[in-house]
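J.: My questions will all concern the structure given below.
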Amino acid sequence: MNKRPQSGMTLIELIVTVTIAAILIASAAPSLREMMESNRLTALNNQLVSALNYARSEAVKRNQTVNLCVREADGSGCSTTPSDGFNQGWLVLVEATGEILLDVAPDTNGVTITNNIDTPQQVSYTSMGKVKHSGTFTLALAGVNRYEVTIALNTGRISSCKIPAGQTNC
């Protein structure tokens, strides 16, 4: 009688393999969530920096003051309510005409956006590309690194840095 060699797996081998795979997947899930949250915060930081750069370039191009301001909930203009913050989104608009150049309503769920600018609801760029009030935006998400976006008064230049968890500045 000719016996063929056994090919395949026993039930025990299959159960052990599935158990090991489940343990590996379960241990990877928290780090995957943290990575997704970190990427979301990075994307939000990039959106804010891009909008600030856009406002600055439009101010120089148009030879007019251009503002980046807190967005009204409906996107109709700049918010004048002190309690409204950049978590609602932001607009880039020409100060003289009110023409909206950019309307950003990002997903800020769970993200805190704060700033220490003298006019906390807007950043104004002059026709020379300088800001009227300098300051720093801080974007934070619980359990994830933070970002600081700094706007220099003399030049209007924007810099952004990631602040590792547990540290207070860049």
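We did not get these values from a lab; they are worked out from the coordinates using the rules stated. Here the structure is a predicted model, which means the values were calculated and not measured. With ideal geometry, Cβ positions are generated from the backbone for all residues, glycine too; neighbour counts draw on all protein chains shown.
J.: At 7 Å along the Cα-to-beta-carbon direction for both Ser50 and Asp118, put a label point, then send me their distance in nm to one decimal.
T.: Distance between the two pseudo-spin positions: 3.1 nm.
J.: Then there is this: Between Thr97 and Asp74, how high is the FRET efficiency from 1/(1 + (r/R0)^6) when r is the Cβ-Cβ distance and R₀ = 22 Å? Nearest 0.05.
T.: Efficiency computed from Cβ-Cβ geometry: 0.65.
J.: A further question on this structure: Can you list the cysteines of the chain that have no other Cys Cβ under 4.7 Å away?
T.: Lacking a cysteine Cβ partner under 4.7 Å: no cysteine of the chain.
J.: Lys and Arg at +1, Asp and Glu at -1: add these up for the other residues within a Cβ distance under 14 Å of Asp107 and post the number.
T.: With Lys, Arg at +1 and Asp, Glu at -1, the neighbours total +1.
J.: Ok, one more. Among Val60, Pro120, Phe86, which residue has its Cα positioned farthest towards the positive end of the charge dipole of region 42-125, with +1 placed on the Cβ of Lys and Arg, -1 on the Cβ of Asp and Glu, and the dipole taken about the Cα centre?
T.: Projecting each Cα onto the dipole axis, the largest value belongs to Val60.
J.: Please sort 76-82, 40-46 by packing, taking for each peptide the average over its residues of neighbouring beta carbons within 10 angstrom, highest first.
T.: 40-46, 76-82
J.: I'd like the distance between the alpha-carbon centres of region 83-127 and region 31-72, rounded to an integer number of Å.
T.: Spelled out, the Cα-based centre of one part sits 9 Å from the other.
J.: Note the per residue figure in Å³ for the convex hull of the C-alpha positions in the chain.
T.: Each residue corresponds to 193 Å³ of Cα convex hull volume.
J.: Given 0.36 nm per residue, what is the gain on full extension from Ala165 to Ser38 after removing their alpha carbon distance, in nm?
T.: Full extension from Ala165 to Ser38 adds 44.6 nm.
J.: Quick check: pseudo-label points 7 Å beyond the Cα along Cα→Cβ at Thr81 and Asn63, how many nm apart are they?
T.: 4.0 nm
J.: Which net charge results for the neighbourhood of Val149, defined as the other residues with beta-carbon distances under 15 angstrom from its beta-carbon, given Lys and Arg at +1 and Asp and Glu at -1?
T.: Once all neighbours under 15 Å are counted, the net charge is +3.
J.: Continuing with this model, one more query. Let's see if you can work this out: charge +1 on each Lys and Arg Cβ, -1 on each Asp and Glu Cβ, no other charges. What is the dipole magnitude of the chain about its Cα centre, in debye to the nearest 20?
T.: Using Cβ point charges on Lys, Arg, Asp and Glu, the chain gives about 660 debye.
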